[in-house]
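Every number in this text was worked out from the coordinates using simple rules, so none of it is lab data. All values derive from a computational prediction rather than experimental measurement. No Cβ is skipped: glycine too gets one built from the backbone with ideal geometry, and neighbour counts run over all protein chains shown.
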Amino acid sequence: MRIQPDPARGRVGAGELLRETLLTGRRAGIAVVVLAFATNVLIVLLGRPLISLLFREALQMTGQTGLDLANLSPSFSSILPAFLLLAIGLFAFAMVAVQLAILFVAIRQVWDTGTVSTRELLRGIRAVVRKLFRRSSIPIFFYVFLLLPISGLGFFSTLTQVIAIPNFISGELLKDPVTAVLWNVLMLVILWINIRCALALPLFFNSDASGTEAIRTSWRTVRGRELWALTVTTVAIGVPTILLAVVIALASTIPAMITDQGAPALSGVSASFSMAMAQIVLLIVVSTATVLWLAMLSTAARLAGATPDPLAESSDERDDHAYPSGPWRWGLVMGATALVVPLQLVLSEPVHALAAMPDTEILAHRGYLAGGVENTIPSLEAAAEVGADRVEMDVLQTADGQFVVMHDANLTRLAGQNVNVKDLTLNELTAITVRDQVGNSARIPSLAEYVTRAKEIDMPLLIEIKMGGLDTPDHVDLLVEELTELDALQGNTFHSLDHASVERLKELLPRTDVGYILAFAGVGVPDTSADFLVIEEYTATDTMHDAAADEGLGFYVWTVDDSLAQRVRIRTGADGIITDRPDTALESREEIINESGVTPALLDLMVGFVIL
């Protein structure tokens, strides 16, 4: 079946689409919102735990307890774990597809009859399930689990909300003017592709169209005026939703504010109850926004003639089909109320922990970049002046087996020279000047220069062993030997992405703290002899924090630059945060130490829950 837009329908304007979307949303009303809320709750309570369980089983089949990309490849010689991981992906896609099918079919039913029929919902689900096992559904899989979430439109499901590009990737690209421009252009292109493909969802779920055909039809249909209409309407739905969510987060602190003043002993209970209520209300708000967004897509497809108009009557006649919302409204109230008590019990312990005195270590990432080029003596000195607890820095091995303080294996970004560190000697490298975007410049320092200056200003270091230099088999031994000769082991710690380097460090320095860096963390702690984990901010979840604590490992997060994110990490007990903005992190820690009551902590956590 080849779907063709009906030219007789005309072009879709922003005003018309918004008006029709609100009409559809009003008619869908509480019934479809309940379905969106219920499916998200089921995914949180059943789907996500099951996915985590399957993922742990897949890791255990490879002999691992946690996701460790450095040791992943050799373990996948067994075909069973690979099939299990494929099954996990298909299971996640099936859950989201069924969720979308329920909502799209329910919206269509409201237009057709004004009612939501269980029989029709099941029929729609069966049709979608049959499609999922065809090759033609693969484009929809990538659209739902890649393009939409990356562009920030994955809010429609709790399974896609967490999909995003990690900050350590985008952050590094944005440090260079050329790659920053290319990155922003790429993000705009992805957003544009998303909008062009937007009608693929209602086409796939509301017709016999395959995934490939649905995307092709949407691409042909959405252009010019339709493109503008979809963009404007999406913003018209999204902005009020975000503002309302912020208001709810702020309002949730009022009970704690009252108890802080009049009954401090009850503040913990009050705060946990407020958090539970606010999270449930926020889920209802997001569910409502999801219904409006899906209604917009269905309406746009209908107005553009890509799908048939289910009713030919006037708006007045359609209103006669209005479905009674009373039972659905009471169902939503009762369901939400039933979740409050168990959610409050879950949140009770974390809320009580907010009153603990923070002892999070603040580490300046490659020094304090406001005062000098990264990994240079000026940025080291600037970090000391601002009061950082420790400086995180990188070492690479040179062509003559020495060590230089440098993050990038290639000098293009900082020195404008397309040459690799491993191809230059220490003397050649330390004669090169590096520059940053704000005009700072300095020579590349040797390891000896850097650690000597750190000792002089009494600044402890977190030394990262980078791979990409010469990397001789004995590079760790040589590094420890040089630091020993410099009397620079006392007070300094180490970490690395390279598993072998971490293990060798612990063999050589069993009493020195060594960390294992995880760019992507899974659901458990990897097999390591390290003393602490250093996890990229995106995957540094509460689950990973708890798993590290259970194994007696420290929990460090990088790179945390947003001030709100810094406060949240400090409040939730991270052992350390590595940041380009140690100044704001230090200020936040001081404010937290001096504050009283749970209201400020609750405010940070709730606003962070909405924004971060």
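List of remarks:
- Rounded to 10°, Cα long-axis angle of helix 447-456 versus longest principal axis of the chain: 80 degrees
- Under 11 Å, Cβ to Cβ, from residue 403 - net charge with Lys/Arg +1 and Asp/Glu -1: -4
- Taking 22 Å as the straight-line reach from the Cα of residue 131, none of the lysines fall in range once those fewer than 8 positions away in the same chain are excluded.
- Overall dimensions of segment 123-271 as given by Cα atoms, namely Rg and Dmax in Å: 21.0, 63
- Close amide H contacts of residue 441 (hydrogens built in the peptide plane, cut-off under 5 Å, sequence separation of 5 or more or a different chain): 373.
- Peptides 210-218, 36-44, 434-442, ordered by how many other C-beta atoms sit within 10 Å of their residues on average, highest first, read 210-218, 36-44, 434-442.
- Seen against the Cα atoms of the chain and their longest principal axis, helix 177-196 is set at about 20 degrees.
- A simple spin-label model places the labels of residue 46 and residue 425 6.9 nm from each other, with each point 7 Å out along Cα-to-Cβ.
- Here the Karplus relation 6.51 cos²θ - 1.76 cosθ + 1.60, evaluated at θ = phi - 60°, turns the backbone of segment 515-531 into coupling constants of x, 10, 8, 10, 5, 10, 9, x, 9, x, 8, x, 6, 8, 8, 5, 8 Hz, with x for every Gly and Pro.
- D_trans [Stokes-Einstein, Kirkwood Rh over alpha-carbon pairs] for segment 538-610, 10 °C, 1.306 mPa s, µm² s⁻¹: 125 µm²/s
- In order along segment 94-99, the phi-based Karplus estimate (6.51 cos²θ - 1.76 cosθ + 1.60, θ = phi - 60°) of 3J(HN,Hα) comes to 4, 5, 5, 5, 5, 4 Hz; Gly and Pro are listed as x.
- DSSP beta bridges confined to segment 361-596 are antiparallel in about 20 percent of cases.
- Note on the chain: antiparallel DSSP beta bridges, both residues inside, total approximately 20 percent of the bridges counted.
- Spatially proximal aspartates and glutamates relative to residue 422 (Cα-Cα < 14 Å; intrachain offsets below 8 disregarded): 400, 408, 471
- When each of the peptides 254-267, 21-34, 452-465 is scored by the mean number of other C-beta atoms lying within 10 Å of its residues, the order from highest to lowest reads 21-34, 452-465, 254-267.
- Peptide ranges 101-112, 500-511 listed from the most packed, as the mean C-beta count within 10 angstrom indicates: 101-112, 500-511
- Near residue 84: Cβ cut-off under 12 Å, other residues only, Lys/Arg at +1 and Asp/Glu at -1. The net charge is 0.
- Average Cα contact separation per residue, the chain, under 8 Å, 6 or more apart, as relative contact order %: 16 percent
- Taking a sphere under 12 Å around the Cβ of residue 505 and counting the other residues whose Cβ falls inside, with K and R at +1 and D and E at -1, yields a net charge of -4.
- Hits among lysines - C-alpha to C-alpha of residue 175 under 20 Å, sequence gap 8 or more where chains match: 466
- Annotation for residue 487 and residue 370: the two label points, set 7 Å from Cα along the Cα-Cβ direction, are 3.5 nm apart.
- Axis of helix 48-61 versus longest Cα principal axis of the chain: the two differ by about 50°, to the nearest ten degrees.
- Label-point gap, in nm, between residue 225 and residue 179 - each point 7 angstrom along Cα→Cβ: 4.4 nm
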